Every structure is written in structure tokens, then in C-alpha cells.
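Notes follow the structure.
The values are calculated or read from the model by the stated rules, or taken from the named source; none is laboratory data. Since we're looking at a predicted model, the values are computed, not measured. All Cβ positions, even for glycine, are placed from backbone atoms using ideal geometry, and neighbour counts span all protein chains on display. Please note that ligands, DNA and RNA were not included when accessible areas were found on the heavy atoms of the full protein model with its side chains. Shrake-Rupley method; radii C 1.70, N 1.55, O 1.52, S 1.80 Å.
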Amino acid sequence: MMLANLYKKAGQERPSVTSYKEVLRQCPLALDAILGLLSLSVKGAEVASMTMNVIQSVPNLDWLSVWIKAYAFVHTGDNSRAINTICSLEKKSLLRDNVDLLGSLADLYFRAGDNKNSVLKFEQAQMLDPYLIKGMDVYGYLLAREGRLEDVENLGCRLFNISDQHAEPWVVSGCHSFYSKRYSRALYLGAKAIQLNSNSVQALLLKGAALRNMGRVQEAIIHFREAIRLAPCRLDCYEGLIECYLASNSIREAMVMANNVYKTLGANAQTLTLLATVCLEDPVTQEKAKTLLDKALNQRPDYIKAVVKKAELLSREQKYEDGIALLRNALANQSDCVLHRILGDFLVAVNEYQEAMDQYSIALSLDPNDQKSLEGMQKMEKEESPTDATQEEDVDDMEGSGEEGDLEGSDSEAAQWADQEQWFGMQ
């Protein structure tokens, strides 16, 4: 088993497969060896045939063939069938509330772009096992994306109390720093996670994103490519690389990569949206982008990234009423900060100021750190009626205006020093 793992890590697939098969000949119920073979593209039917005699002779093992089938779907990137198969397993009394299955299900929902169900399954898994570390890096990333930074900080502290020798606690803390716009610290934490586990995909994505936001695009590209090598079925790895290409105006490379992903992972809502995102960057392919987004939304009307990109296209065409209808429809069964903020922008464009203000308020209640919602709200407050503006000016004249600026400056300076203290504390 150890030899198989070493061969796999060294990229020597054939001797790794041979070693895993030898393990299964002697121990047909070695689940890690089964997963190892499936991860090396050995067909599920072949792996199942090596365990068939045991399944037939040992009672209560009828779940194993379904389990192998489920993870065969996982490793071929067929997320929807993998989710359905694992859900059917989870309903069986023997495997109900199984933490490993719940973790796999959470990861699959994440890969399929269903972040809401992913978070729910991760929460269920960690309630059953408070010492769970595996998969918590993805959970922390999802919480950070939702703007739940306090929850991310608490999760990071809890994981560090369990062990600081795993990559996951460092990645979770890095996600907190990244979404707090402290990219240097996120970079350091991502690098520390990679030191502990060079195969941590989430750590590579964190470090790559931090490098990209710091303007070090070529270094970021190297990290995203390594993430793709380790997880060729994960769309977020390709998304990171394509964002790097677009940031460096390499639209042709981005288009080639998006087309490859579309062909490799199939025509689903996520790949269609990714290809449309690149098409939106080129004026020549705007119509193609529109067609791709319509296909994506036909498949999954609630897919947030597709809704956001379609809204961006409608905004360019100044079709605000169509955009408002699209966003209201998307928000009927879910609540998302970005969708509420964009709906606010569209309502401003059609002079529905009061409802726009309501939408910005909802967006900020979901993510208090969302700068664009704050800017939208402040812009509306500045464009108040002339009488209100005059009254405010009179009040401003009565009060001193210089002191407030000094206070603001001292706050930012204190925050800067506090940030530095935390940074050195980590080192």
C-alpha cells in the first residue's frame, strides 16, 4: 500500500496500479486501495470484480458495489450521477450519518456549483465529528465567499486546536485573510499549507489567487496549472487559470482553455458559463456568449454565476427591465449578496430608488464587507433631493469638518499597525 502511494505521488501510474491490485488480492475490502485504483482511471467494473467473491460470501456487504460505483463516478467527473448514487447509499441504515460519505457529498455539491447544499453537508459532517479536518478547507472557503468571516475565523481557531500539522487550518486562515483583502498574509498562509501538504489543491488555489491579486500573474499561473494536474475534474482550478489569462489580456489562451474544459468536462451549466465569460471579453463573440448563457440557464435557472454574467450582458445592452426580471426570478428561491446588489444597480437605472436602497441593504446584511453595495448605497445618499442636501450643508458648516478626517486617518493607521502585529504573530 505504501509503495502504491509513493508510485502515485511520483507520477508512475502503472506500478502504482499493480501495487494497489496486489493489496486488493490479499485484502479485498481495502477501501483506500479501491479509491487509489479509481483515482488512476481504472474502470469501476474492473475494481468491483476484484471484490465480488467477498461481497457474495460476507453478509451485509451489498452496499460495497454501489459504493465503488459512486466513487467511479466521482473520479470520472460525473458529479450529478455521483451525487445521486451517494444519496441512495446514505439512505441505507448501515451508512446513514456516515461522516466520510457526507464529506464526499459536500465536496461533490461544491464541484457541481451547489454551494448551499455543500455548506449544509459540511455542517452536518462536522456536527457528527467535531474533530473532522478533511474537507474543512473547502468549507472555510465557501463560508469566506459568503462573507461569513467571523465563522471562518472561529473555524480556523478550532482546527488549529485540533492540529497545526495539516494544511486545512492554514488554508482556512488564509481564506479569512484573502477575503479581508490582506493578500500578503493569505500568500504566506497558503505557502505554509503547501509546505505541509504539497498535494493540497485548495492551498494551491489560495496561493494562486493571492499572487494574481498582487499582480504576480505569471507565478499565479504556475500554481493554477499544478492544481489542474492534481484535480483535473475540478472546474475552479480552470477558472483561476482563465482569470489569470484574462488579467494579462491573453484572451486567445483563455478561449483555448475554456473550449478544452467544455470538451473535457461536458456541456453543463458551469462549463457553458465559463466559456461565455471568456466570450464576453471579445466584442466579436458577444452573441455566442448570449447563446451559451441561455443554454446554461435553461439547464440550471438558479446557477448564480450564469445569472450574474447574463445580467452583465443585459446591462451592456441597457435592457434593465429584462435584467430586473431575470434577477427577481433567480432570487425567488435563494438569497445571494451579489444578486441583490446587481438588482439594486438595475433598479437605480430605472429610477426605482427606494427599492434599490432595500436591495443594497439586503446585500450588506448578507455580506457586511461587500464594498460595491456600500458604494451603491453611498452614491444614492449623495444624490438625495436638493432641500435635504442644502440642510445637510448647513449642518456641516456649523460643525467643524477637519476633525473627522483626522479621526478617520488615525483609525486606518491603528488598523494598519494591528494588521502588522497579527502578521508578525503568525510568523
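Please identify the pairs in which a residue from region 148-163 that is touching a residue at least 40 places away in the same chain (Cβ under 8 Å) has its Cβ atom under 9 Å from the Cβ atom of a residue that is small (Gly, Ala, Ser), counting only partners at least 6 apart or on another chain. Matching pairs, first to second residue: 149/180.
Scanning region 266-292 for residues that are under 20 Å from residue 302 (Cα atoms) and of a type outside the set (Ser, Thr, Tyr) turns up 266, 267, 268, 269, 270, 272, 274, 275, 276, 289, 290, 292. In this entry, residue 162 is excluded by the filter for residues that are crowded, with 18+ Cβ neighbours inside 10 Å and over 15 Å from the mean Cα position of the chain (by Cα).
So is residue 58 surrounded by 14 or more Cβ atoms within 10 Å (Cβ to Cβ) and at pLDDT 80 or above or not? So residue 58 fails the test. Checking each residue in region 136-159 for being open to solvent by 30 Å² or more (accessible area, probe 1.4 Å) and at positive phi picks out no residue at all. Could you pull out the residue among 373, 315 that is in contact (Cβ under 8 Å) with a residue 24 or more places away in the chain and either buried (at least 19 other Cβ atoms within 10 Å of the Cβ) or hydrophobic (A, V, I, L, M, F, W, C) (or both)? Selected residue: 373, the only one of 373, 315 that is in contact (Cβ under 8 Å) with a residue 24 or more places away in the chain and either buried (at least 19 other Cβ atoms within 10 Å of the Cβ) or hydrophobic (A, V, I, L, M, F, W, C) (or both).
Take residue 67 and tell me if it is open to solvent by 30 Å² or more (accessible area, probe 1.4 Å) and not basic (Lys, Arg).
Details: open to solvent by 30 Å² or more (accessible area, probe 1.4 Å): no; not basic (Lys, Arg): yes.
Here the answer is no, as residue 67 does not meet what is asked.
Among the residues of region 259-271, are any outside the structural domain of residue 144 (by the TED database), open to solvent by less than 30 Å² (accessible area, probe 1.4 Å) and farther than 30 Å from residue 194 by Cα? Yes, region 259-271 contains a residue that is outside the structural domain of residue 144 (by the TED database), open to solvent by less than 30 Å² (accessible area, probe 1.4 Å) and farther than 30 Å from residue 194 by Cα. Looking across region 163-189, the residues that are farther than 21 Å from residue 150 by Cβ and part of a helix (DSSP H, G or I) come down to 167, 184, 187, 188.
Pairs are defined by a Cβ separation below 8 Å, a sequence spacing of at least 6 or placement on different chains, a first member in region 333-355 that is under 12 Å from residue 311 (Cα atoms), and a second member that is part of a helix (DSSP H, G or I) and among the basic types (Lys, Arg); the pairs so defined are 341/372; 343/328. For region 11-30, the count of residues that are under 22 Å from residue 96 (Cβ atoms), part of a helix (DSSP H, G or I) and open to solvent by 50 Å² or more (accessible area, probe 1.4 Å) is zero. For residue 38, indicate whether it is in contact with a His (Cβ under 6 Å, 6 or more places away or on another chain), open to solvent by less than 30 Å² (accessible area, probe 1.4 Å) and in a helix (DSSP H, G or I). In short, yes. Among (1) more than 26 Å from residue 305 (Cβ to Cβ); (2) modelled with pLDDT of 95 or more, there is one condition residue 164 misses while meeting the rest; what is its number? Failed condition: (2). Restricting attention to region 280-294, the residues that are among the β-branched types (Val, Ile, Thr) and open to solvent by 90 Å² or more (accessible area, probe 1.4 Å) add up to 1.
Which of the residues that make up region 73-102 are open to solvent by 20 Å² or more (accessible area, probe 1.4 Å), in contact with a Lys or Arg (Cβ under 7 Å, 6 or more places away or on another chain) and not acidic (Asp, Glu)? If the condition is that a residue be open to solvent by 20 Å² or more (accessible area, probe 1.4 Å), in contact with a Lys or Arg (Cβ under 7 Å, 6 or more places away or on another chain) and not acidic (Asp, Glu), then 73, 79 are the ones that fit.
Among the residues of region 72-97, write down those that are at pLDDT 90 or above and either basic (Lys, Arg) or more than 27 Å from residue 266 (Cβ to Cβ) (or both). Matches in region 72-97: 81 only. Among the residues making up region 298-336, those that are touching a Phe, Trp or Tyr at 6+ places or on another chain (Cβ under 7 Å) and either more than 20 Å from residue 360 (Cα to Cα) or hydrophobic (A, V, I, L, M, F, W, C) (or both) are 324, 327. Within region 172-221, restricting attention to residues that are under 24 Å from residue 6 (Cα atoms) and without any contact (Cβ under 8 Å) to a residue 12 or more places away in the chain, the residue that is most open to solvent (accessible area, probe 1.4 Å) is 195. Scanning region 49-80 for residues that are β-branched (Val, Ile, Thr) and within 25 Å of residue 93 (Cβ to Cβ) yields 51, 54, 55, 58, 66, 68, 74. Residue 302 passes every criterion in (1) open to solvent by 50 Å² or more (accessible area, probe 1.4 Å); (2) part of a helix (DSSP H, G or I); (3) under 24 Å from residue 145 (Cβ atoms) apart from (2).
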